[in-house]
1. In terms of Cα to Cα distance under 28 Å, which lysines are near enough to residue B:175, apart from those fewer than 8 places away along the same chain?
2. Note down the Stokes-Einstein diffusion coefficient of segment B:19-119 in µm²/s, whole number, using a Kirkwood radius over alpha carbon pairs, 4 °C, and 1.567 mPa s.
3. Over all residues in A:75-87, what is the mean tally of Cβ atoms on other chains that come within 10 Å of each residue's Cβ?
4. Residue by residue through A:22-31, how many Cβ atoms from other chains fall within 10 Å of the Cβ on average?
5. Work out, in µm²/s and without decimals, the Stokes-Einstein translational diffusion coefficient of chain B at 20 °C, 1.002 mPa s, Rh from Kirkwood over C-alpha pairs.
6. Classify the protein assembly as shown: rounded, prolate or oblate, from the alpha-carbon gyration tensor (a ≥ b ≥ c, eigenvalue square roots; a/c under 1.5 rounded; otherwise prolate if a/b is larger than b/c)?
7. If you average the alpha carbon positions of segment B:154-216 and of segment B:83-114, how far apart do those two centres end up, in angstrom?
8. Which length gain, in nm to one decimal place, applies between residue A:113 and residue A:82 when the Cα-Cα distance is subtracted from 0.36 nm times their residue separation?
Amino acid sequence: MENLLNIFVKSIFVENMIFAFFLGMCSYLAVSKSVKTAMGLGIAVIFVLVITVPLNFLVEKYLLKKGALIWLGESFADVDLSFLTFMIFIAFIAAMTQLVEMVVEKFSPALYNSLGIFLPLIAVNCAILGASLFMQEREYENVLEAGIFGLGSGIGWLLAIVGIAAIREKLKYSNVPDPLKGLGITFILTGLMAIAFMGFMGISL
Amino acid sequence: MSNQEKEPVFSAKNLKLLSEPLGRNNPITVQVLGICSALAVTVKLKPAIVMALSVMIVTGFSNLVIASLRKFIPDRIRIIVQLVVIATMVILVDQFLKAYVFDVSKQLSVFVGLIITNCIIMGRLEAFAMANKPWPSFLDGIGNGAGYGMILVIVAFFRELLGSGTLFGYPVLEKLGIYKTGYENNGMAILPPMALIIVGLIIWVQRSRDKSLIGK
C-alpha cells in the first residue's frame, strides 16, 4: 500500500511529466490559452493514460519481453520481441484512443462533446507514449502499480496545464515586451513553474 | 507538374526548403512543434547532437517514404500509415544507436522512442510530404530536422558550458583559468527548468531581430 502511495505522489509531483521530462509540451503550449479547454484536455489525458499504461504493461509482460511468449508452449521460451516495442505500443495507443472515443460517444454524449476534439489528438501526445516507455524502463511489478503510475502522471499533467492556462489568462492584462509575448513568456513561465516543482524533489513516503 | 521535373536537383526553391527551417520557419521557435522530446536531452552536447542527427534522419526518410507512397495511401487511414512508417524508421535508428553508441543510447533512454510522437515529423508529413514530390519532401524533412537540431545544440552548448564548465567533456573553463577568478559552475543550468528558460530567451532574441514574427 505504501509503495503504491509512493508511486502515486512521485508521479504527480516529483516526476511530473511536464516539469521534469517536458512530455506533452506541444499540446501543453497549444491548448493552454483558456482554463476550460485546458481542463478538458487534461481530463482526456488522464482517461487515456489510465487505460493505456496498464494495457501496455500486459502487452509487455505477455508478448514482448524475452521469454514472455512461454504461455504458447516451450518452444517459444527464447523468443524476444522487444525490438518491436515502439511499434506495438503506438499501435495500441492509437487503437485505444479510437476505442475510448467511441465508447465515450456512445455512453456519455455530454462528456464526448466537451472532450470531443481532444481525444483523437491524444494519440500523438508524447506524454502518453512517454508514460508507457517509462513504465517499461522502470519495471513496475504488477498491473496495479502501472495503473497507479498512469493515473498519477495524468493528474500531474492536468495540474501543469491548468496552472499555466490560469497564468496565461491573467497575463493578457500585463505589459510583456513585444518580442517575448505569447510563446517566449510561456516558456519562461514554465521554467519558473518547474523550479517551484523542484521543491518536491527527493520526497518519498 | 511536368516542368517541375526538369528542375535542377538543387534549385533555388529546393535550397529554400533546406534553409527556411533554420531561420524564419524554425520548427521549435516559430512552428512550436517537437518540443516534447527536445529539451530533456540537452544537458550535454554529445547526446544532443546524436538526438539531432537521429531526428534529421527520421524526418528526412519518413518524408521521402510517405511522399513516394502518397498516391496510394487512402485518406482515411493516413495517420496510422504515417505512424507505422515513422515507427519503422525510429526502430532502425534505435537499433543502430544501441549497436554503435551504447552509452549515448542509455543516456537518451526513452527519448529515442519518443521521436515517434515528435510533432515535427507528423506535422511535416501532413503539411508537406502528402502534397509534394519525394525529392523536395526529403529536403524539407532534412531542413526541418536540422532546424530542430540547431536549437537543441544551442541549448546544449549553453547548458554544458555554464553547468559543467565543459564542451564535449573537455574542461574548457578550467583550461582558460576562469575558475581562478572566483567563478563557479552554475548548478541550475543542468536542471530541467533552465532548458525552458534558454529556449524562451532564444525566442526573444529571434523575435526582436525579426519583427514580422511577433504575435505568431
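Please treat every number below as a calculation from the coordinates, not as lab data. Keep in mind that what you see is a predicted model, and the values were worked out from it rather than measured. All Cβ positions, glycine included, derive from the backbone under ideal geometry; neighbour counts span all protein chains shown.
1. B:44, B:46
2. Value of D from the Cα-based Kirkwood radius: 89 µm²/s.
3. The per-residue average across the peptide is 2.
4. The shielding value for this peptide is 6.
5. Here the translational diffusion coefficient equals 116 µm²/s.
6. rounded
7. A separation of 27 Å, based on Cα centres.
8. Gain on stretching residue A:113 to residue A:82: 7.3 nm.
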